[in-house]
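Reading through the structure tokens given below for one structure.
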Amino acid sequence: MSAAISCQQVTKVFGDARNRVTALENVTLEVAQGEFVTLVGASGCGKSTLLRSIAGLDAHTQGGIQAGGRPVRGPGADRAMVFQSYSLYPWLSVMGNIKFPRQLAVHTRDCTTADVEVASGRADALLQLMGLESVAEAYPAQLSGGMQQRVAIARALMTRPGILLMDEPFGALDAQTREVMHDLILHVCALEGCTVLFVTHDVEEAIYLGRRVVLMAPRPGRIDSVYEVPLPGQRSQEMKHSAEFLRLKSRIIERIRSTSGMRTDLELLQKLSRRAAGSEVQPSA
């Protein structure tokens, strides 16, 4: 199966020679067509930087990035990005927000009646797929967080991108809404046939959604390890309680602690706590 996303020895440096920060160093990653891959790791390990570089929003310093077999030199209609903040246009209705990318596209060339009809039909289909028919004419301020993110995902899918890049899209949602969104995004992406690269801090979320979990380490940002997820393609919430799921979750969390120095910090705190407790013991008379 050919790669939808190919990153080869990607390095990203911020700042000048005096204030140089290497956000990514020699990152090599391939994501197959139709694959759902999740990125995890401690804060500062470059997950979002890598995603933005693939989206073409940030230019990488060295190495090569290809999307659909073509070099990434900027944003493109073949890639869509969904952020943690919903980034909806508050003056547009739900339907207006969903249609916006297609309307923007058709206004950059001679627009025919057929173009308008295609855009309208696509928007109607996405509205139904995301369960938003009842709020089609509502405005973002009238919607819950979960509904706003559904609109953002529908808008991202409007132009039929082959690649969907998601940067902690469910991070601001409550636990119950997140579970609903997990099943929804798996269903939608299976129907659309798109490739997904999904950034999250939530290890449980990463395992449940991904076919592979890619763990990144900080200072500098790099790929530390890759975990195949031993679960069937058809996911269900009950799988989160299985022994395989819990073992993998434990392994990944332990590795994140090791690569980030978090475990060392915890051990130091435990030592300091024991010393403090010992100093409080008064000698007997």
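Read-outs: derived from the displayed coordinates by stated rules, not from any lab. Not measured: the values here are computed from a predicted model. Backbone-built Cβ (ideal geometry, glycine too); neighbour counts: all protein chains shown.
Students often get this wrong, so try it: which of [x] 38, 24, 19; [y] 29, 22, 17; [z] 31, 26, 17 is semi-axes √(5λ) of the Cα gyration tensor in Å as calculated from the structure shown?
The value computed from this structure is option [x].
Contour minus end-to-end for Ser225 and Leu92, with contour as 0.36 nm per residue of separation and end-to-end as the Cα-Cα distance? Each step should come with its number before you reach the end.
Working: separation 133, 0.36 × 133 = 47.88 nm, distance 4.28 nm.
Going from the current span to full extension adds 43.6 nm.
7 Å from Cα along Cα→Cβ at both Ala125 and Leu57: what's the point-to-point distance in nm?
Using points 7 Å along Cα→Cβ, the separation is 2.7 nm.
Expressed in nm to one decimal, what extension gain is obtained for the pair Arg18 and Arg251 from 0.36 nm per residue of sequence separation less their Cα-Cα distance?
Between Arg18 and Arg251, full extension yields an extra 80.1 nm.
What lysines could a cross-link reach from Lys271, if we take a straight Cα to Cα line under 19 Å and drop same-chain neighbours fewer than 8 places away?
none
Among Gly146, Gly15, Gly261, whose mean-square fluctuation peaks in a Gaussian network model of the chain (Cα, cutoff 10 Å)?
Gly15
If the cut-off is 23 Å between C-alpha atoms, which lysines fall inside it for Lys249, apart from same-chain ones fewer than 8 positions away?
Here the lysines satisfying the reach criterion relative to Lys249 are Lys47, Lys240.
Could you pull out every residue, at least 5 positions away or on a different chain, whose amide H is within less than 5 Å of the one on Gly63? Hs are placed 1.01 Å off N in the peptide plane, and Pro or chain starts have none.
Thr11
Mind checking which of Ala77, Ala67, Ala42 has the largest fluctuation in a GNM of the chain, springs on alpha carbons under 10 Å?
Per the Cα network of the chain with a 10 Å cutoff, Ala77 tops the list.
Of the candidates Gln66, Gln148, Gln176, which one comes out as most mobile in a Gaussian network treatment of the chain with C-alpha springs shorter than 10 Å?
Comparing Gln66, Gln148, Gln176 in the GNM, the peak value goes to Gln176.
Near Met81, within a Cβ-to-Cβ distance under 13 Å, what is the net charge of the other residues, with Lys and Arg +1 and Asp and Glu -1? Don't skip to the answer; put the middle values down first.
Working: positive: Arg52, Arg79, Arg155; negative: Asp58, Asp78, Asp167, Glu168.
Residues close to Met81 contribute a combined charge of -1.
Residue by residue through segment 224-240, what is 3J(HN,Hα) from phi via Karplus (6.51 cos²θ - 1.76 cosθ + 1.60, θ = phi - 60°)? Round to whole Hz and write x for glycine and proline.
8, 7, 10, 10, 6, 8, x, 10, x, x, 7, 8, 9, 4, 5, 4, 5
Given H placed 1.01 Å from N in the peptide plane, which residues other than close sequence neighbours of Gln33 have an amide H under 5 Å from its amide H?
Ser2, Ala4
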